Amino acid sequence: MAMCRYITVIILSTVFVYIRAADITIFYQILEEQEPPLYLGNVAGSSNLASIATGDEFANMRYSFLKTVGTYFTINENNGALSTNSKLDRETICPFQKSCVLQLRIGASSGTFFQPINVNVTLKDVNDNKPEFSESSIVLNIPEDADINTTYPVIGAVDKDMGDSNSLLTYELLPDSGTFGLKFDDSLSGNIEVSILLKQTVDREVLSRYQVYLVAKDGGTPQRSSMLTINISVTDINDNKPIFSRKQYDITVPEDISVPNKILNITAVDHDAGLNGEVEFTLISSPSSDAQTFFAIGKTTGQLSVIEHLSHTKGAPLSLIVQASDKGTPPKSSQVALTIAVTDVNDNPPEININLLSSGSTARANENSPNGTVVAYIGVTDKDTGNNGIVSCSLRDNTFRLSKLSSSQTEYKVLVNKVLDREKDIEVVVTVDCQDSGNQPLKTTSSFIVQIIDENDNFPEFLKSFYNESMVESDHTGIFIAKVTASDKDEEENAQVRYYVEQGNADKFYADPSTGVIRTTVPFDREMQDVYTFQVLAVDGGQTKAFTSTATVELHILDENDETPHFNQTSYEFKIQENLQSKTFVGIVFATDNDIGDNGKIKYSIKSRNGAVPFHIDPSTGTIQTNGILNREYKNLYTFEVKAEDFGAPSLNSTVNVQVMVLDINDNSPQILYPVQGNGSIKVSHLTPANSVVTKVEAFDPDNGPNGSLSFSIRSRNDNNLFFIESNTGKIFLSHSIQSSEIKDYLLVVEVQDHGVTPRSNSTEIKIRIELTKTSASSEASIGQNVLIVITIVCVTIVLSLAIIVIIFLIRRVDNNKLMKDYPPPGKEEFQISETIHLNTNKKSILTKETNLPNGYNTNTLSSGDRKEIHESSSDPLPHEEEHHRMASIRLHQKLLNSYNKPLLYHPDDRRQIWSKRHGDDTHSDLSEDLTSDSGRGGSVENVHHHQMYPRSGIVI
């Protein structure tokens, strides 16, 4: 514990001070998980402030944070002592980062003196986390006909530690049964992808389940590990049919769903393997149903999609059958019922149909009509269903009232509701409002005019001299603007008033001559003009003299969100340097909207088709900033869209393409691909001519431009300039012909450097071995000597074999004569000598078992063609006779050994035979042979086998 407290902080032995403009940068290192307060160092001393401040300024210096990281640190304002304020967990502060640097900024001030100090605190990793799997166990299915070396991916472990040795290091599979192994692949993210490797075939009928354990270990001290249980199941033939995840599928979709659109993912599992377990889906419907025309299902995915609009599928739910079939032979299938209920969407407003009792477009009512007199019938329909199709209607004016027809909810009578006075109202505009009962009700308005019939003898008089009206801008014509009414107390033709729009505006507006209803005749765009003022004329029907009255109509065009935001450029291109801090300014996009109010107010957002981009846009200003630190080597160009959307209802938007190019800085050192550590020496023949390429250094730099352009040079060497390197290609050449004194090993250290403003470099070692190469003349001499040696050995072997056979025959003959003298036979004995050639390489001779051969004797001097076996045709010899024969045979062999116990010279160039034997050639002598001799009852001498090596001095057995 005392030692752990002693190593609580690691401070760099030398504190580096950088003065750049007015900034000073100092560095500290600490281990994570240390109890606070932990003293890092004195900022005043580490930054050497005493050298840049006066004595009084330094004595009165005060220290405070200009920028800090959370509440992890505290500083003594009087003396600049920097300490931790809490325990620092590297995995929390810098999760999954190789380097964890906390950047502080401290201000030192005294009177008019102020010095900013940058403090970089490197948080070092300790092995406080073990590799962890996301699950404790998994199941892996392997078909019994799987091929050897098939791989099956499994989940890998994650180690929150990111130190050089504390992170995940290796995997081990237990137990090592020989059936399964591991295979590792590097992923683009830098993690190790682990797969189970099938090393031996599996047979379900022999063993259907295995259980192995994947152990993940880190490289820390002490080492930490975790284990994943892998249950391996061997699958069988097509004896299972697909099984749906549900017994029945019931779904509901709105009738206005867009097409095509995925609405359901139907899944079915077949526990078989291979084609037996591959499932395909089809839809089935009854012949009388057209439900299948509205839907489609993915053959392999099971994704159910709407392919036709559902607005015409009112009524009962749609019923279908989904069939899942595997690809076995024969295939097996299952079915599941699918019910689709189409819900109504309130997308149809009520439709009003007005039937007037009088001819023409105006209803008529006498001013003396009694209360309850019918003036019109109204029918209302709504194509929606449910509450969306339930409609209620009302009148805006109480001169008339609505009354439902008996037993009908959609038909009304328009009745007189009060006494009609022609002198007050010549005609009445009856406006009918009908609204459905949906969650977001839709409303329809329609109107008609009821004309009050009476005598009229007065000038036309407008009810209002000034009409202040408004309408929403529209690209349609025939929009209702106002109903102007002029009365004339005259009767019959003299009281008939007709309406006209003044000549100057008759091309824009039209007044119905009989009703005074003013409608538009052209589209109106508020952005072009927002107010129109014109005169409406009322002319009576006098025969002798017509009288005319005028009224002024002032029409205000109200804004509608019909203008799309417009960017001031068709596209934007920005450039930004890599490795800058987050929230760095990138550029500004700007759009305008000609609408007013919320319709013209714009907000900006980023759209990306390929996932999130590391940028943020201010919704109101269009200012784009970085959302993190950019790395050009990871990605050098970002393309995305910026959407400008107004606040109208519904809103309108437009998009513009934005490209952000990431500019390179020299932040990568050259990477050497060849040679790397562990490569052997490069072998060069001493006959290689000058200026020949010996090898080539392969390297690359992920930076761009000069930062990624490389130069090669030899930094250190022991070759006395025997080699030189081409600076732009990395090729190493032989500078001159190789002398005999230069046949040895060399070591070159090659440096690779980029062309950045502040260049970066890397180096590697190259070992070169100069080897002696034999000429064709020495090879031919060696071949001739070898042929001569072989001929000599064969001749000697044949002569010795014949001599041995003759000697053995003579010895046996002498022994038989002696035996016949000692034991006279009852009759003549016949001896028969038969010679048989054998090749027996699997036995050792009696000589091999009993005699130690002297060094240098070649037991293969007896060729297979000279091996003979002597058979005796007489009866078995007596015991002492068998011993006698055996001893005589041994003495003969001993003499032969003594006479040929001399080394056999061998040409030194034949060392290539040794090389071939070391590389897998047959190590048995081609001259192996058996020598068999019956010197007694069943006795034999067999061939001696030896593996031979031939050095320069002779044959070594």
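The values are calculated or read from the model by the stated rules, or taken from the named source; none is laboratory data. Bear in mind that the values here come from a model prediction, so they are computed numbers and not experimental data. When we count neighbours, we look across all protein chains shown, and the Cβ atoms used for this are built from the backbone with ideal geometry, even at glycine. Calculation scope for accessible area: heavy atoms of the full protein, side chains included, ligands and nucleic acids excluded. Shrake-Rupley method; radii C 1.70, N 1.55, O 1.52, S 1.80 Å.
The residues in the range 375-414 that are closer than 22 Å to residue 515 by Cβ, surrounded by fewer than 18 Cβ atoms within 10 Å (Cβ to Cβ) and hydrophobic (A, V, I, L, M, F, W, C) can be counted, and the count is 1. Of the residues in the range 236-256, at least one is open to solvent by 50 Å² or more (accessible area, probe 1.4 Å), touching a helix residue (DSSP H, G or I) at 6+ places or on another chain (Cβ under 7 Å) and assigned to a loop (DSSP other than H, G, I, E, B). Residue 333 passes every criterion in (1) polar (S, T, N, Q); (2) modelled with pLDDT of 80 or more; (3) more than 38 Å from the chain's Cα centre (by Cα) apart from (3). Of all residues in the range 577-585, one or more are open to solvent by 40 Å² or more (accessible area, probe 1.4 Å), small (Gly, Ala, Ser) and not in a helix (DSSP H, G or I). If we scan the range 51-67, do we find a residue that is open to solvent by 60 Å² or more (accessible area, probe 1.4 Å), in contact (Cβ under 8 Å) with a residue 40 or more places away in the chain and within 36 Å of the chain's Cα centre (by Cα)? Among the residues of the range 51-67, not one is open to solvent by 60 Å² or more (accessible area, probe 1.4 Å), in contact (Cβ under 8 Å) with a residue 40 or more places away in the chain and within 36 Å of the chain's Cα centre (by Cα), which makes the answer no. Looking for something basic (Lys, Arg), modelled with pLDDT of 85 or more and part of a strand (DSSP E or B) - is there at least one such residue anywhere in the range 739-760? Checking the range 739-760: not a single residue is basic (Lys, Arg), modelled with pLDDT of 85 or more and part of a strand (DSSP E or B).
Residues are listed down the side, and each one gets a yes or a no for (1) assigned to a loop (DSSP other than H, G, I, E, B); (2) hydroxyl-bearing (Ser, Thr, Tyr); (3) at pLDDT 90 or above:
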{"site": "107", "(1), (2), (3)": "no, no, yes"}
{"site": "126", "(1), (2), (3)": "yes, no, no"}
{"site": "138", "(1), (2), (3)": "no, no, yes"}
{"site": "147", "(1), (2), (3)": "yes, no, no"}
{"site": "153", "(1), (2), (3)": "no, no, yes"}
{"site": "176", "(1), (2), (3)": "yes, no, no"}
{"site": "185", "(1), (2), (3)": "no, no, no"}
{"site": "188", "(1), (2), (3)": "yes, no, no"}
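Among the residues examined, residue 217 does not qualify as modelled with pLDDT of 85 or more, open to solvent by 50 Å² or more (accessible area, probe 1.4 Å) and assigned to a loop (DSSP other than H, G, I, E, B). All of (1) outside any strand (DSSP E or B); (2) out of contact with any helix residue (DSSP H, G or I) (no Cβ under 6 Å at 6 or more places or on another chain); (3) among the charged types (D, E, K, R); (4) open to solvent by 40 Å² or more (accessible area, probe 1.4 Å) hold for residue 193 with one exception: (1). Suppose we keep only residues that are out of contact with any strand residue (DSSP E or B) (no Cβ under 8 Å at 6 or more places or on another chain) and farther than 20 Å from residue 58 by Cβ within the range 90-113. Which one would you say is least open to solvent (accessible area, probe 1.4 Å)? Filtering the range 90-113 for residues that are out of contact with any strand residue (DSSP E or B) (no Cβ under 8 Å at 6 or more places or on another chain) and farther than 20 Å from residue 58 by Cβ, the one least open to solvent (accessible area, probe 1.4 Å) comes out as 91.
On the stretch given as the range 49-86, residues that are among the hydroxyl-bearing types (Ser, Thr, Tyr) and closer than 16 Å to residue 115 by Cα total 4. Among residues of the range 392-413 that are small (Gly, Ala, Ser), those with a beta-carbon under 6 Å from a residue that is surrounded by 13 or more Cβ atoms within 10 Å (Cβ to Cβ) at least six positions away or on a different chain give the pairs 394/433; 403/413; 403/415.
Among the residues of the range 257-268, those that are at pLDDT 90 or above and surrounded by fewer than 17 Cβ atoms within 10 Å (Cβ to Cβ) comprise 265, 267.
Okay, residues lined up against (1) of a type in the set (Gly, Ala, Ser); (2) surrounded by 17 or more Cβ atoms within 10 Å (Cβ to Cβ); (3) under 30 Å from residue 596 (Cα atoms):
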position: 641; (1), (2), (3): no, no, yes
position: 646; (1), (2), (3): no, yes, yes
position: 650; (1), (2), (3): no, no, yes
position: 656; (1), (2), (3): no, yes, yes
position: 663; (1), (2), (3): no, no, no
position: 670; (1), (2), (3): no, yes, no
position: 673; (1), (2), (3): no, no, no
position: 676; (1), (2), (3): no, no, no
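Residues in the range 549-576 that are surrounded by 13 or more Cβ atoms within 10 Å (Cβ to Cβ) and either of a type in the set (Phe, Trp, Tyr) or not in a strand (DSSP E or B) (or both): 559, 560, 561, 562, 563, 564, 565, 567, 572, 574. Looking across the range 513-548, the residues that are within 25 Å of residue 422 (Cα to Cα), assigned to a loop (DSSP other than H, G, I, E, B) and open to solvent by 40 Å² or more (accessible area, probe 1.4 Å) come down to 514, 543, 544, 545, 546, 547. Those strands (runs of 3 or more DSSP E) of the range 314-432 in which 3 or more residues are closer than 30 Å to residue 451 by Cβ occupy 351-356, 362-366, 374-381, 391-395, 400-404, 411-416. If I filter the range 426-443 for residues that are over 30 Å from residue 552 (Cβ atoms) and hydrophobic (A, V, I, L, M, F, W, C), do I get at least one hit? So far as the range 426-443 goes, yes, one or more of its residues are over 30 Å from residue 552 (Cβ atoms) and hydrophobic (A, V, I, L, M, F, W, C). Somewhere in the range 280-289, is a residue at pLDDT 85 or above, in a strand (DSSP E or B), of a type in the set (Ser, Thr, Tyr) and open to solvent by 70 Å² or more (accessible area, probe 1.4 Å)? No, that holds for no residue. Scanning the range 541-597 for residues that are farther than 30 Å from residue 499 by Cβ and among the small types (Gly, Ala, Ser) gives 571, 582, 587, 591, 597.
The sole residue among 594, 627, 599 that is more than 30 Å from residue 671 (Cα to Cα), surrounded by 16 or more Cβ atoms within 10 Å (Cβ to Cβ) and in contact with a strand residue (DSSP E or B) (Cβ under 6 Å, 6 or more places away or on another chain) is 599.
If the condition is being open to solvent by less than 80 Å² (accessible area, probe 1.4 Å) and either of a type in the set (Ser, Thr, Tyr) or in contact with a strand residue (DSSP E or B) (Cβ under 7 Å, 6 or more places away or on another chain) (or both), then the range 727-744 contributes 727, 729, 730, 731, 732, 733, 734, 735, 737, 738, 742, 743.
Selection of the range 340-353 for residues being surrounded by fewer than 17 Cβ atoms within 10 Å (Cβ to Cβ) and over 30 Å from residue 304 (Cβ atoms) yields 351, 353.
Can you find a residue that is among the basic types (Lys, Arg), without any contact (Cβ under 8 Å) to a residue 60 or more places away in the chain and under 30 Å from residue 410 (Cβ atoms) anywhere in the range 516-523? Taking every residue of the range 516-523 in turn, at least one turns out to be among the basic types (Lys, Arg), without any contact (Cβ under 8 Å) to a residue 60 or more places away in the chain and under 30 Å from residue 410 (Cβ atoms). The single condition among (1) modelled with pLDDT of 90 or more; (2) over 19 Å from residue 23 (Cα atoms); (3) aliphatic (A, V, I, L, M) that residue 119 does not meet is (2). Among the residues of the range 538-573, just one is small (Gly, Ala, Ser) and over 30 Å from residue 486 (Cβ atoms), namely 571. Report whether or not residue 605 is in contact (Cβ under 8 Å) with a residue 24 or more places away in the chain, closer than 28 Å to residue 560 by Cβ and in a strand (DSSP E or B). Yes.
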